[in-house]
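The values are calculated or read from the model by the stated rules, or taken from the named source; none is laboratory data. Because the structure is a prediction, the values reported are computed rather than measured. Positions of Cβ are backbone-derived with ideal geometry, glycine not excepted, and every protein chain shown enters the neighbour counts. Protein only, heavy atoms only, side chains kept; ligands, DNA and RNA dropped before computing areas. Shrake-Rupley method; radii C 1.70, N 1.55, O 1.52, S 1.80 Å.
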Amino acid sequence: MKKSAGAKGIAVILAAAMAATMLTGCRFGFASDPDDPNEEVKEVPIDTSIDTFVYDSSLQGTKITLLNSKAEIQVALEKMSQAFEEKSGVHVEVMPVTDGDSPYTKVVSMYNSGTPPTMAILDTTDVIALAEEKAADLTGEDWNAEAEEYLTEVNGKIYSFPLCIEGRGIIYNKAVIEEALGREFDPESIRSLDEFEELLETLKEAGIEKPVSLAKEDWSLGAHHLQYIYETYDGTSEGAQGIIDEIKNGKLKLDTYGRLGEFLDMFDVLKAYNVAKGDPLGADYDEMAIDLADGKTAFWFNGNWAWPNLAEAGAEEEDDYGFLPYFLNNDTDDFANQKIQASPSKQVMVDGQMSSEKEQAAAKEFLNWIVFSEIGQQMLVKTCNVIPPFINNPYEPADPLSRDIYEKVQSGGTFNASAIVPNDHWAVLLSAMQKYLAERSDREELTESIIEYWAEQK
């Protein structure tokens, strides 16, 4: 997500606008049981021979907690906390948010019971809601300078630690495309909606009758698709917030807003070539990963968090997967047709209300260890398998989806814009998007549903 976006504006998670009723932005499912005891897990070795990080010996014996809402890295975080404890003497208990529960609701209930976590991995919208009342001020932490473009400001202060970058777009399987075309495929050659549709038609003629997979889930339709109308206003979070404010206060009429029409043009193309076109609301998420890996489809609208699903479906790290932009029109100079949306998708908030000074100091040391220690840098990328938002981290992700986003971030091929919307945005507008996906409504009805939603937010 990002390097073309503004520096220190409110950056929100790829899933930033996700509802507080579920895990944000990403779908953490597997085609089979990820905890299968018979499954061989490939461990990426961590070099612990060099460690120049300076630990505060006065914190030894301190016990702190971390509430984790990013379910797919639970085991990885436990390994990180163990490595940190071995070096620092600080014990970090990693507590998972139950699958399907709201991280916001969970952390609020813990505050209400008087036992809040020392740290909590939350969606950016949740951090903004809680920061000034609950969070410790992290503005002066050294890692701010290493993640300047990915910081979330609340009234000029930093209250959260950007844990990772995630991006979304049209995932492609290059080998499948090249086999169908009978020639090399250059993703950079597709720069407009017409060119993308022409490619889809060519693939159809070559035997891939329906080359696209579209998920029906609320986080995908109600947020990851729909939020393009806000995020592509100018490619910044500030611009997204500005257009939301104009829609909400009635200054901008959605039926005259160009980005909405362009978004629907793209969505219509995806619908037309959807492998589940006959029953789009019966589509199975895990099957989409299998279809893409097996070559039944060539494209899947999703994010780099989908790699575990593809790996379960048989994809290998050496395979050539990547992202195309979410094409909105035929203007090849439009950033939306050139870049991938990518943003800091999860934030770590440190409790500043009920934790002791020593506990807060231990939490801050843990975060600094992730950024500045040789061991923490490795484990963030190799163990947690995330894209680091810190410019001093020299490690690159191994899987092709994250690697593609990482490379695009480094080369300026991403835009860092996410919309801060109410927590029920994706859930409420899901039905409208599903009706449109299933061709049970038209553009006018969908537009009216969005207008009605924002009118109720005043």
Worksheet item: Pulled fully out, how much extra length does the chain show between Glu439 and Glu209, if you take 0.36 nm times their separation in residues and subtract their Cα-Cα distance?
Response: 80.8 nm
Fill in: Chain lengthening between Thr332 and Thr98 when straightened (0.36 nm per residue, less Cα-Cα)
79.8 nm
Worksheet item: Mind listing the Cα extents of region 289-330 along all three principal axes, in Å, largest one first?
Response: 35, 20, 16
Worksheet entry | Sites Asp194 and Glu132, calculated FRET efficiency, Cβ-Cβ separation with R0 45 Å, nearest 0.05 | 0.40
Practice prompt. Quick one: dipole size for the chain, taken about the Cα centre, charges +1 on Lys/Arg Cβ and -1 on Asp/Glu Cβ, in debye to the nearest 20.
Written response: 1180 debye
Response to the item:
Each label sits 7 Å from Cα toward the beta-carbon; between Glu178 and Ala455 the label points are separated, in nm, by 5.3 nm
Item to complete: Work from the charge dipole of region 251-332 (Cβ charges, +1 for Lys and Arg, -1 for Asp and Glu, about the Cα centre) and give the residue of Asn304, Leu260, Ala315 farthest towards its positive end.
Response: Leu260
Worksheet item: For the chain, what is the mean residue ellipticity at 222 nm derived from helices alone (per DSSP H run of n ≥ 4: -39500 (n - 2.57); sum divided by total residues; nearest 500 deg cm²/dmol)?
Response: -10500 deg cm²/dmol
Worksheet item: Could you state the per residue volume, in Å³, of the convex hull enclosing the Cα atoms of region 255-303?
Response: 97 Å³
Worksheet item: Just how large is the dipole of region 317-458 about the Cα centre, in debye to the nearest 20, putting +1 at every Lys and Arg Cβ and -1 at every Asp and Glu Cβ?
Response: 440 debye
Worksheet, complete the sentence: Note to self: C-alpha centroids of region 345-406 and region 180-247 sit apart, in Å, by 30 Å
Worksheet item: Say R0 is 25 Å: what FRET efficiency, to the nearest 0.05, do Tyr395 and Glu148 get from their beta-carbon distance?
Response: 0.80
Worksheet item: What does the accessible area of Tyr406 come to, in Å² to the nearest 10, when a probe of 1.4 Å is used?
Response: 30 Å²
Worksheet item: Over the chain, what is the mean sequence separation of C-alpha contacts under 8 Å (at least six apart), divided by residue count, expressed as relative contact order in percent?
Response: 32 percent
Worksheet entry | Proportion of all alpha-carbon pairs of the chain beyond 28 Å (%) | 49 percent
Fill in: Solvent-accessible area of Val176 with every protein chain in place, 1.4 Å probe, in Å² to the nearest 10
20 Å²
Worksheet item: Percent of accessible area on the chain owned by carbon and sulfur, 1.4 Å probe?
Response: 44 percent
Response to the item:
Contour minus Cα-Cα span, Asp320 to Lys157, at 0.36 nm per residue, comes to 54.6 nm
Item to complete: Sum up the charges of everything whose Cβ sits under 12 Å from the Cβ of Tyr230, counting Lys and Arg as +1 and Asp and Glu as -1, but leave Tyr230 out.
Response: -3
Practice prompt. Return the subset of Lys277/Lys346; Lys70/Lys271; Lys79/Lys364 for which the Cα-Cα distance in this structure is over 23 Å, preserving the input order.
Written response: Lys277/Lys346; Lys70/Lys271
Worksheet entry | Mean accessible surface per residue for the chain, computed with a 1.4 Å probe while every protein chain stays in place, in Å² | 39 Å²
Practice prompt. Would you kindly find the accessible area of Glu456, with a 1.4 Å probe and non-protein molecules such as ligands, DNA and RNA excluded, rounding to the nearest 10 Å²?
Written response: 140 Å²
Discussion item. Would you report the distance distribution of C-alpha pairs in region 181-222 as whole percents per 5 angstrom bin, up to the bin with the largest distance?
Written reply: 5, 18, 21, 22, 16, 12, 5, 1
Worksheet item: Points 7 angstrom from Cα along the Cβ direction at His91 and Leu281: gap in nanometres?
Response: 5.1 nm
Fill in: Distance between region 83-104 and region 161-179 - C-alpha centres, whole angstrom
28 Å
